[in-house]
Amino acid sequence: MTSILEDVEQISIDKWGSLNTAASSSRLPDGHSPNNQNVWMDEKPGSVVTANGYQKLGETPSGLPPTLLINFFKTSDGSQTLIVSDGQTVWKTTDYSNFTEIKTGLSSFFQLRGMVIRDKLWLTNGSDPVMTYNGSSLVVLDGTGGTPNVPAGKYIDYHDERVWIYG
């Protein structure tokens, strides 16, 4: 890692820091910036290093941009899967190239949110029924088939051994 950074152009910053939103951009002192995007702070101590782009790992099978990415890590067996969604469909992948569909037909007008709670992934968007996924099967919590009827909510949280769905 250090050999990569040896040839990187370094911008030194003074004791006042490098983020300056008060001065106009034409009157900024050397080492100051009105906007610190696409940089690594203190990659070399006391400097700002420009990040040179990104590496694309894959894309959703639909071609739409992902709106949900969750690292589904199960502590019981140590397995790890990436859950990705474009808002309408939910997939799982381990290599960012091969995707397995978990659920489709979700309302694309609502933001899907999720949280891993006790080795289950809970998914909610405020419109469609709340769902849980254990790594192999998806359960829709809509009161059918002996499942609990969980009210729809936009947000999900976990505290004091309870799942909270709200909004």
Original post:
Taking the range 47-61 as the search range and keeping residues that are open to solvent by 60 Å² or more (accessible area, probe 1.4 Å) and in a loop (DSSP other than H, G, I, E, B), which one is modelled with the highest pLDDT?
Top reply: 61
Original post:
Tally time: how many residues in the range 70-97 are surrounded by 15 or more Cβ atoms within 10 Å (Cβ to Cβ) and modelled with pLDDT of 90 or more?
Top reply: 15
Original post:
When you go through 132, 100, 104, 67 one by one, which is the residue that is β-branched (Val, Ile, Thr) and open to solvent by less than 40 Å² (accessible area, probe 1.4 Å)?
Top reply: 132
**OP:** Select from the range 121-145 the residues that are under 21 Å from the mean Cα position of the chain (by Cα), closer than 23 Å to residue 99 by Cβ and of a type in the set (Gly, Ala, Ser) and list them in ascending order.
**Re:** 135
**OP:** Kindly indicate whether any position in the range 149-162 is of a type in the set (Lys, Arg), in contact with a Leu (Cβ under 8 Å, 6 or more places away or on another chain) and in a strand (DSSP E or B).
**Re:** no
Original post:
Hey, any hits in the range 117-138 for a residue that's basic (Lys, Arg) and either touching a Lys or Arg at 6+ places or on another chain (Cβ under 7 Å) or in contact (Cβ under 8 Å) with a residue 24 or more places away in the chain (or both)?
Top reply: no
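The values are calculated or read from the model by the stated rules, or taken from the named source; none is laboratory data. Nothing here was measured: the structure is a model prediction, and the numbers come from that model. Positions of Cβ are generated from backbone atoms using ideal geometry, with glycine treated the same way; all protein chains shown enter the neighbour counts. Heavy atoms of the whole protein, side chains included, go into the accessibility calculation; ligands, DNA and RNA do not. Shrake-Rupley method; radii C 1.70, N 1.55, O 1.52, S 1.80 Å.
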